[in-house]
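Rule-based calculations on the coordinates, nothing more; no lab input. Note that the structure is predicted; figures quoted are calculated from it, not measured. Backbone-built Cβ (ideal geometry, glycine too); neighbour counts: all protein chains shown.
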2 protein chains.
Amino acid sequence: MKLITDIEEMQAFSNHARKMGKSIAFVPTMGCLHDGHASLLKKGKELGDILVMSIFVNPIQFGPREDYASYPRDLKRDLAIAEANKVDVVFNPAAEVMYAQGFQTYVDVAYLSKHLCGLSRPGYFKGVATVVAKLFTIVKAQIAIFGEKDYQQHLIIKKMVKDLNMDVDVVGMPIVREINGLAMSSRNNYLNNDERKAALCLYTALMKGKELFENDIKESGIILQEMRSIIEAEPLAVIDYINVCDINTLEDLDKIQDTALLALAVKIGKARLIDNCILG
Amino acid sequence: MKLITDIEEMQAFSNHARKMGKSIAFVPTMGCLHDGHASLLKKGKELGDILVMSIFVNPIQFGPREDYASYPRDLKRDLAIAEANKVDVVFNPAAEVMYAQGFQTYVDVAYLSKHLCGLSRPGYFKGVATVVAKLFTIVKAQIAIFGEKDYQQHLIIKKMVKDLNMDVDVVGMPIVREINGLAMSSRNNYLNNDERKAALCLYTALMKGKELFENDIKESGIILQEMRSIIEAEPLAVIDYINVCDINTLEDLDKIQDTALLALAVKIGKARLIDNCILG
C-alpha cells in the first residue's frame, strides 16, 4: 500500500494508472475508520482496478463553533484498516496543501444544500462539494463510493457530478449499524456509556416512523410527532431536526405518496448524530 | 473539421484522444469570431496536438437586463473561420444541453470576482467560472487559451484552476487591436460609425495613463483624473469604471510601486466595452 501526501504525486500516479487503462475507485473519508467505511472499501475493491482512499479532515466544512480541532484522528490505526481492506493508495494531504494561502474557489450545489443539515450547518455543504470536487480532480476517480448515512451529501455529490459533467460514477452504500441499531459514525467516539444508550433513540424513532408508514399513516405531521416524542423522552437527546422529505429534492412533504426520506439530526452530549431511512 | 453538439460525444472524443497520448488545446468562445480569437487559435494550434474550440453563448453569465438575447450569433461564419484556422473540433452545445432542468451547481472564485466587472455585473464571473469548469471537464483540455482583454476573467480562471487542482495550463494572449487602437470585441458589432469613432476614447485614455506613468506619475488619483476627463470629453461615452489596481489581487492602488493594471469599462450606445493595459 502506498501513502501519498503530495497533490502532484497523487495526480501523476492516477494519470499513469488511467493511461494503463486501469479504473480508479475512490473512497473519500475523514479517517477514524469504522465498519461503515469498510463496506465502502469492499465495494470499491469490487468496482475498480485500483482502490484509492483519502483521509482528510476538511477544515472548510466545519463551522467556527464546530468540532474541527477535536475531530478524532488516528492515522496509524486508519492505515492498518486500509491495508487490511486492500486499499492500494491512501491519499492524506495536509490542510495547508489542500488550501494554500489565498484559496478562494468554492463549489456550491445551491438548492439541495438549503435543507436538513444545510440549515443547521451553514457553509457545510459548500465545504463538502468543494473538497470532493478537488479530490475528484486530484485522484481522477472513475467511481466514487459514499455512505448513505450522509444521504444529503450523497445526493449533493451526485448533483454536482451531473451539473459539472464530471466523468465519475457516484455509488451509494447502505448504512452500516451496530447490532443495536446505532448507525456507525466516527462521532460515536464522543459518546460515553450513558450517551451510547441514549443514542439508540435515533434508530428507535426511525423504526417507529417506518412502522407508522407501513401501517398506512401517510401524514408527515403524525409521523413526526410520534418520532419527536420518542427522542424527547430521552433526557440526554436534543433534537436538531426531524424531517419527512422528498427523496430527490429534499423538500418537506406534508403527505407521503409513494416514497419519502425520514431524516434526523440529534445532539447527544458533544456528538451531533445523523441518521435516516427511506420509506416505500 | 468535426462539429460536435453532444456532451457525451465530446467527452468520448477527448478521452480517446488522451488515451492516444494526444494533448488537447482548447479555446472557449462565445462565437462572433474576430482577429482576437484567431490569435488564440493560432497559439492553440502551436501548443496542442488537437485544437478544440467551443462556441457557446453562456446564458448564466448574463444579467437579466443584459444582452444575452441580442448577443451576435453567426455559426456559419464562425465555422468558416474555425476551418481556416485549422480547428479540429468545434464544440457547440445548446443551452438546454449545458443547463438541464434543475441545474444548480456553481463555481465561485470569491474575492477576485468582487472587483471591476464583478461590481457592475453581479453573478457574471460565477457564470463564467461555472461554464469554464464544465467546458474543461467536457473537453478535457490540457491547455486553455484566453485573451487578456478580459484580464479579470483570465486571472479568475487561473485561480479556479489552481484552487480546484485542475490539470490545465491556462495561457493568456495579448489584446489584438484594430489599426486605430480599438480592442477587438464581438460587441464592436453593436457600434454605428459615430460610436466606433467615439469608442477610440478607451484606448486614448489608456495611452494617456501609460504616458503619465512613464513620466513618473505614480499617484492613481492623478492618472485616473486625466483618463476620466478624456472619456468625459466624448459625448457618446458613459464610464462604468476606471481603476488602477494590483495585477494579482485586483485591489485598488492609491500609488503605483512597480506595476499596475489600468482597467476600464465604458458604455458607447448599446455596447459596454472593456479594455486594459499593464503598467511597468
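Things worth noting here:
- Cα-centred dipole magnitude for the protein assembly as shown, charges only on beta-carbon of K, R (+1) and D, E (-1), debye, nearest 20: 780
- Counting only other chain Cβ atoms within 10 Å of each residue's Cβ, the peptide A:43-50 averages 0.
- When peptides A:214-226, B:103-115 are ranked by their average number of other Cβ atoms within 10 Å per residue, the highest-first order is B:103-115, A:214-226.
- Leading residue at positive end of dipole, the stretch B:2-173 (Cβ point charges), from B:15, B:153, B:103: B:153
- Reported to the nearest whole Å, the Cα centre-to-centre distance from the stretch B:17-80 to the stretch A:93-141 is 29.
- Cβ neighbours within 10 Å from other chains - mean over B:158-165: 6
- Cα-based reach from residue B:270 at 14 Å (exclusive), listing aspartates and glutamates while leaving out same-chain residues under 8 positions away: B:66, B:67, B:194, B:195, B:240
- For the stretch B:1-68: rounded, prolate or oblate by the Cα gyration tensor [a/c cutoff 1.5]: oblate
- When residue B:15 is represented by a point 7 angstrom out along its Cα-to-C-beta vector, the spacings to that point in the other copies are 2.0 nm, nearest first.
- Three-way shape label, the protein assembly as shown, alpha-carbon gyration tensor, a/c 1.5: prolate
- Rounded to the nearest 20 debye, the dipole size of chain B about its Cα centre is 620 debye, using +1 on the Cβ of Lys and Arg and -1 on the Cβ of Asp and Glu.
- For chain B, built as a Gaussian network whose Cα springs stay under 10 Å, the top-fluctuating residue of B:19, B:134, B:86: B:19
- Mean partner shielding of peptide A:4-11, defined as the number of other chain Cβ atoms within 10 Å of each residue Cβ, is 1.
- For chain A, modelled as a GNM whose springs connect Cα atoms under 10 angstrom apart, the maximal fluctuation among A:228, A:18, A:65 occurs at A:65.
- Chain A - percent relative contact order, Cα under 8 Å, separation 6 or more: 17
- Taking amide H atoms as placed 1.01 Å from N in the peptide plane, the amide H of residue B:23 lies under 5 Å from those of B:49, B:50, each 5 or more residues away in sequence or on another chain.
- Long-range amide H partners of residue B:147 with built H, under 5 Å: B:173
- Put simply, the amide H of residue B:240, placed in the peptide plane, has neighbours under 5 Å in B:265, B:266, B:267, leaving out anything fewer than 5 places away on its chain.
- Net length available on complete extension from residue A:2 to residue A:257 is 86.9 nm, with 0.36 nm assigned per residue and the Cα-Cα distance removed.
- Global form of the stretch A:2-173, assessed from the alpha-carbon gyration tensor, a/c cut-off 1.5: rounded
- Between A:131, A:97, A:52, the residue with the greatest mean-square fluctuation in the GNM of chain A (Cα pairs under 10 Å linked by springs) is A:97.
- Using R0 = 30 Å, the C-beta based FRET efficiency linking residue B:207 and residue B:114 works out to 0.60.
- Most positive-pole-ward Cα, A:191, A:276, A:247, against dipole of the stretch A:158-280 from beta carbon charges: A:191
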